[in-house]
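Participant: Here you go, one structure.
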Amino acid sequence: MVRVLVVAFGGQYNHLIKRSIEKLGHEADMVLYTMKPDVNKYDCIVFGGGPLTMPKDFEKVKWLKEYLSLGKPVLGICLGHQVLALLNGGTVGPSPKPEYGDVTIYVDDEDEILRGLGPKFLAWESHNEEVLEEPPNSVVIAHSDNTRVQALKYLNGPFYGVQFHPEVQHTPKGSQVFQNFISICKS
Ligand SMILES: NC(=O)CC[C@H](N)C(=O)O
């Protein structure tokens, strides 16, 4: 069994991340980022979504950089994906075309985190900001018509980011993302 720490940023779907992981038979605890949760007893970490605006609020979440040096797998979702990108030297700012609702995601590289999801799938989106320039140590592995960086894989660690929400039922194949992440956590 894999033990996952879900770092919550106050997003309305954060508890669904915990539920998605538990449904797969694994353990997940959710702790608000302001509590600076101790990550020692967990195998991997998820950064959830939330109403913070990046990069304006980056100072508040900068301390999460500590987690990246531990070598544990990290999955960033929506805001969490934006935070992960900023921690790794990417650029985040207002979306030229914000997305809300069902969006088709095109898989550019069916890497381990998007295994079983190509060549395209439907996902739920809710964001006003996005990763405008990916970090130098990352590769864009999915895009949509309005957002160039829908998913990132990092080359400096087992880190992954998705702009869409795999945890809601409006993303029918979302559970596959968590299944893939759990497999990464196990390896
Ligand atoms: N749902 C979210 O996590 C939103 C993240 C961020 N505030 C944005 O609008 O892009």
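Participant: If you scale each eigenvalue of the Cα gyration tensor by 5 and take the root, what three semi-axes come out for region 3-186, rounded to whole angstrom and sorted largest first?
Facilitator: Ellipsoid semi-axes (Å, largest first): 21, 19, 16.
Participant: Cα to Cα, under 13 Å, and not fewer than 8 places away if on the same chain: which aspartates and glutamates meet these conditions relative to Lys153?
Facilitator: Qualifying aspartates and glutamates at Cα under 13 Å: Asp108, Asp109, Glu110, Asp111, Glu112, Glu134.
Participant: Under 8 Å for C-alpha pairs, at least 6 residues apart: give me the relative contact order for region 84-187, rounded to a whole percent.
Facilitator: On the way: 222 pairs, mean separation 29.4, N = 104.
Relative contact order here is 28 percent.
Participant: Cα centroids of region 136-156 and region 57-78: how far apart, whole angstrom?
Facilitator: Between the Cα centres of region 136-156 and region 57-78 lies a distance of 17 Å.
Participant: Out of Thr91, Asn14, Val140, whose Cα points farthest toward the positive end of the dipole of the chain (charges: +1 Lys, Arg; -1 Asp, Glu; placed on Cβ)?
Facilitator: Value: Asn14.
Participant: Just flag the trypsin sites (Lys or Arg not before Pro) in region 1-96 sitting in loop per DSSP whose Cβ has no more than 14 other Cβ atoms within 10 Å.
Facilitator: Lys41, Lys56
Participant: For the chain, what's the relative contact order in percent, using C-alpha pairs closer than 8 Å and at least 6 residues apart?
Facilitator: On the way: 438 pairs, mean separation 39.4, N = 187.
For the chain, the relative contact order is 21 percent.
Participant: Placing +1 at every Lys and Arg Cβ and -1 at every Asp and Glu Cβ, with all other atoms neutral, what dipole size does the chain have around its Cα centre, in debye to the nearest 20?
Facilitator: Numbers: 18 positive and 22 negative charges, 89 e Å.
Taking the Cα centre of the chain as origin, the dipole is about 420 debye.
Participant: Mean separation of Cα pairs under 8 Å and 6+ residues apart, divided by the residue count of region 107-164: what relative contact order is that in percent?
Facilitator: On the way: 84 pairs, mean separation 17.2, N = 58.
Over region 107-164, the number comes to 30 percent.
Every number in this text was worked out from the coordinates using simple rules, so none of it is lab data. Being a predicted model, the structure only gives us computed values, none of them experimental. Neighbour counts run over all protein chains shown; Cβ positions are idealised from the backbone, glycine included.
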